[in-house]
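Everything below concerns the one structure shown next.
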Amino acid sequence: MLGVPVHRLNGLDAMDIFSNTVALSRMQFALTASIHMLWPTLTTGVGIYLVVIEGLWLKTRNPDYYYHARFWAKLYALNFGVGVATGIPMEFQFGTNWGPFSEAVGNFFGSVIGFEASWAFMLEAAFLGIMLFGWERVNPVIHYLSTILVAIGANLSTLWILTANSWMQTPAGGEMVKGKFIVHDYFQAILNPFMVKSVSHMFLATLETSLFVVGGISAWYMLQNRHQAFFARSFKIALAATLLVAPLQIYVGHLSAEQVYRWQPSKLAAMEAQWQTIPAGQSASWSLLAWPNNRTEENEWEVAIPQALGYLLELKPELSEPVLGLKEWQPQDRPRLVGLIYYSFRTMIVIGVLLAGLMGGSMVYWLLGRLSFEKIAQQRRLLWVWVWAAPLGFIAIDTGWIVRCTGRQPWTLYNQIRTADSASQIPASHVLVSLSAFAVTYLVLLIAYCYFGSRILRRGPNFDLPIPGVEVERPAIATEPAEFVADERPVEAQQ
Amino acid sequence: METLEYFLPQVWFAILALFLFLYVLLDGFDLGVGILSLTSSTEERRSILMTSLSNIWDANETWLVLMGGGLFGAFPLAYATILSALYIPILLMVFGFIFRAVAFEFREQARRKWFWNIAFGIGSFTAALGQGFALGAVLRGIDVDLSGHFVGTQWDWLSWQSIVVALTLIQSYVLIGSTYLVWKTTGDLQLTHYRTAKIAAWTTLVGAILITLGTPIFYQSARSRLFQQPLVYIFGLIPILAILLISQLISSLDRRQERMPFIWTISLFVLTFIGLALVVFPYIIPTQITIYEAAADPSSLVIMLIFIGFLIPVMLFYNLYQYIVFRGKITGETGGYEG
């Protein structure tokens, strides 16, 4: 490949991690990326939700939808601010901590980061102001257009960043010449083998997570006996959407695992803690639980389902192609954190199945008529499950990214550029200081976000906002009076 | 093809200069208002200051993100070398950004606002300081080997010259922030910022004189550039024009004009920026690596021109549009999305 000395191992092998610039830079990137990721997830997913809600308002002119748009936008604004704040370090880190990598891949990867800024960020940023503050300054059509453009901007960001990352997984469209990636065909590089499925997987992940957050928050209000009819509406919209999204995501997730099998066999081996190669034609069992040991290169114990891997990958007990085991690679050429990858992968799958199951169960309730506006608030057990399911999507996304990026190791550009050769040569002490500062700062942000977010939730929707184009007196809440359950919170909590 | 290899990097140098200029101008007043918020006497005034930015701060900051992404794609070597050489100033800026960005929403929700007031003010100051040090270091030149890789130390950016540049940049942000507030506010608050604008105009002038005189004296490479024919006439003209503009600015502040101070300040920024761009060009990592050496593959530059270039007028248009939507004075606590 690059004539890299084989003794240069993956950063985490270092005796002393705190004096290893590569390891520290990796930790810094992993920390900032995994925490940052939580917020754009909602901005992209809830952005689409807001488009639907505001569209429903424009179509029906039912004030409920208008107040939904205003209420969720308030959470959106909080979320967006933290998303931007935590996102800016990401762009600069490529240069500050991964200079050699940036220089080598700038021709393609750098351009794509530029596309993201110009296609996505600017669109989102410019129209967000109108979306949040412009209700009384522009007419409803322009406002709706702004909401749509904000959602498009957010999702274009998913498109470009996943394109860039997919290209790191399956570099295409050019070749390495004298340490630099020279692009021959841009469209081949953009449409690299991982791109379409990875973009879809991430798009669905943000949407599904957002839907369960919207559903969970709505369920919480109903459990609190606050604005039940109002939140039954958002709950049902979210639930209806998961009918499509949750099963589709499992299917796309399955396709994503298949593409890993095809293009990144060492990652698949780590995901399955598969040390020995399973030859073609032999029965392939699927490991349910195991305890991988990197040193002895085997699993200390394992519970496996016979033939299941064969069914998962090819729908038959024996595989026509071998599944390569980790031992096929030298230790320095394969992912090291097998246990982390193995359990992250399983966590993601379990959550995906749980969320789909919750959707299925809720659908049964709906079909049985138990989710009607009169009865929905009585389904307390179901609603509590929704509340507890709200954070699961985030965990699935972060564990998924751990599988994706830790499993790609020891490469930054798969099979082309090693992680150890990608980092800037900054004194480890400096990276340690910045890493610690990021850890403290992001922790503060996470706590403050949860604190202020829960305050917004406790305060609830504001039904005193003027509706654009409506001058007449209107009731305090727009649902039928018989269903209205008054807010029983003390006044000071609502202010 | 030969001419293309010169032409494309020049086009991208111009585009990135445009992005950087828009950033310095727009986030300049944004950060300036943030720094000025440290001097706000009341909570209400601070609210007005932050409201004057609430709809635009993010788009303003995005010009830098755009410039960073463009630099990464068009001049990968410069992006890698400059950012790793300036690790500390860049991170100062990044942490400043983080705290000031979250302050907008968190402060609005918080009952006790002091922490987020400090986060906003100090964050703005730190971001400007980091940028000033980075600018100072780039003007001084970054030590690289023949292939453009950084060979200096992690503290090279710190020198008394870079301190002067950083302080001057902060002053100029305060100046443009003050004149923005003069334009956007009324009453006592406006009067306060006529005063801060005037003070900042003088302090910026002092810094600018020091830098203008210091650059040819201390930097050999800049000296030869400055006295080159025919550039020497342009460089001779810039200080004269600058003095004229500053006197116009100060007299417009004295006459209590509302919009002209902001416009004169913008003109000053344009002039300074042209001067700096001419000093730096054709280098992208002063004083050794030119744009031609650091440029990405011509095919990349073409693709980026297609994918980003056509969006530049569109981005300018919709940014302008939202300034028009939110035109007018800010009075009291209006403009929040809660009404």
May I have the extent of the alpha carbons of chain A along their three principal axes, as whole Å values ordered from largest to smallest?
77, 47, 42
Listed by chain and number, the residues whose amide H is under 5 Å from that of B:Gly152, excluding neighbours fewer than 5 places away on the same chain and using placed H, are B:Asp143
Long-range amide H contacts for B:Ile284: which residues qualify at under 5 Å (H placed 1.01 Å from N, peptide plane, sequence gap of 5 or more or a different chain)?
B:Ile289, B:Thr290, B:Ile291
Please sort B:228-241, A:410-423, A:427-440 by packing, taking for each peptide the average over its residues of neighbouring beta carbons within 10 angstrom, highest first.
A:410-423, A:427-440, B:228-241
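Relative contact order, percent, of chain A when contacts are C-alpha pairs under 8 Å separated by at least 6 residues?
It comes to 22 percent, rounded to a whole number.
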Relative to the Cα centre, what is the charge dipole magnitude of the range B:2-325, using +1 at the beta carbon of each Lys and Arg, -1 at the beta carbon of each Asp and Glu, and rounding to the nearest 20 debye?
1080 debye
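Please state the shape class of the range A:316-362: rounded when a/c is under 1.5, otherwise prolate if a/b exceeds b/c and oblate if not, all from the C-alpha gyration tensor.
Oblate shape, in that a/c is at least 1.5 and b/c is the bigger or equal ratio.
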Identify, among B:Phe104, A:Ser111, A:Trp384, the residue whose Cα sits farthest towards the positive end of the charge dipole of the protein assembly as shown, taking +1 on the Cβ of Lys and Arg and -1 on the Cβ of Asp and Glu, with the dipole about the Cα centre.
B:Phe104
From the Cα trace of the range A:157-272, what convex hull volume per residue do you get, rounded to a whole Å³?
136 Å³
Could you tell me the calculated FRET efficiency between B:Leu320 and A:Asn62, based on Cβ-Cβ distance and R0 = 30 angstrom, to the nearest 0.05?
0.30
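Between B:Leu278 and A:Ser429, what is the FRET efficiency for a Förster distance of 35 Å, r being their Cβ-Cβ separation, to the nearest 0.05?
My answer for the efficiency is 0.35.
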From the phi of every residue in the range A:339-344, what ³J(HN,Hα) in whole Hz does the Karplus formula 6.51 cos²θ - 1.76 cosθ + 1.60 yield, where θ is phi - 60° and glycine or proline is x?
x, 4, 5, 4, 6, 4
Can you run phi through the Karplus equation (6.51, -1.76, 1.60; θ = phi - 60°) for the range B:143-148 and list ³J(HN,Hα) in whole Hz, with x for Gly and Pro?
6, 10, 7, 5, 8, x
For the range B:101-216, the percent of all C-alpha pairs falling in each 10 Å bin, from 0 up to the bin holding the max distance, is 13, 29, 32, 18, 7, 1
Column: log10 I(q)/I(0), Debye, Cα scatterers of the range B:169-328, q = 0.21 Å⁻¹
-1.22
Projected area averaged over orientations for the range B:1-116, convex hull of C-alpha atoms, nm²
8.4 nm²
Take the protein assembly as shown, compute every pairwise Cα distance, and split them into 20 Å bins from 0; I just need the percent in each bin.
15, 45, 32, 8, 0
Note on the range A:90-236: contact order normalised by length, alpha-carbon pairs under 8 Å, 6 or more apart, percent, works out to 20 percent
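Could you work out the relative contact order of chain B, using alpha carbon pairs under 8 angstrom and six or more residues apart, expressed as a whole percent?
24 percent
Given the Cα-Cα distance of B:Phe310 and B:Trp155 and 0.36 nm per residue of separation, how much length would full extension add, in nm?
Values: separation 155, 0.36 × 155 = 55.80 nm, distance 3.98 nm.
Computed gain between B:Phe310 and B:Trp155 is 51.8 nm.
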At A:Gln330 and A:Trp384, where each label point lies 7 Å from the Cα along Cα→Cβ, what is the point-to-point distance in nanometres?
5.7 nm
Which value in nm describes the separation of the simple spin-label points at A:Ala280 and A:Lys375, placed 7 Å from the Cα toward the beta carbon?
5.6 nm
Enumerate the amide H contacts of A:Leu289 below 5 Å, restricted to partners 5 or more residues apart or on another chain; note that Pro and chain-start residues carry no placed amide H.
A:Val303
How far is it, in nm, from the label point at B:Gln10 to the one at A:Val444 when both lie 7 Å from their Cα along the line to the Cβ?
4.8 nm
Per-residue Cβ neighbour rank within 10 angstrom, fewest leading, B:Ile217, A:Ile182, A:Ile88
B:Ile217, A:Ile182, A:Ile88
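Suppose we take every Cα in the range A:258-324 and form the convex hull; what volume per residue is that in Å³?
Once divided by residue count, the hull of the range A:258-324 is 72 Å³.
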Net charge contributed by nearby residues that have their C-beta within less than 12 Å of B:Leu31 (K/R +1, D/E -1)
-2
Chain A, helix-only ellipticity at 222 nm - DSSP H runs n ≥ 4, -39,500 (n - 2.57), divided by all residues, nearest 500
-20500 deg cm²/dmol
Tell me, what HN-Hα J-couplings in whole Hz come from the Karplus equation 6.51 cos²θ - 1.76 cosθ + 1.60 at θ = phi - 60° for each residue of the range A:458-467, using x for Gly and Pro?
4, 5, x, x, 9, 8, 9, 5, x, 8
So if I restrict to the alpha-carbon atoms in the range B:2-325, what is the Rg, and what is Dmax, the biggest pairwise distance, in Å?
19.8, 63
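Values quoted throughout were computed directly from the atomic coordinates according to the rules given, and no laboratory measurement underlies them. Being a predicted model, the structure only gives us computed values, none of them experimental. Ideal geometry is used to build each Cβ from the backbone, glycine not excepted, and the neighbour counts take in all protein chains shown.
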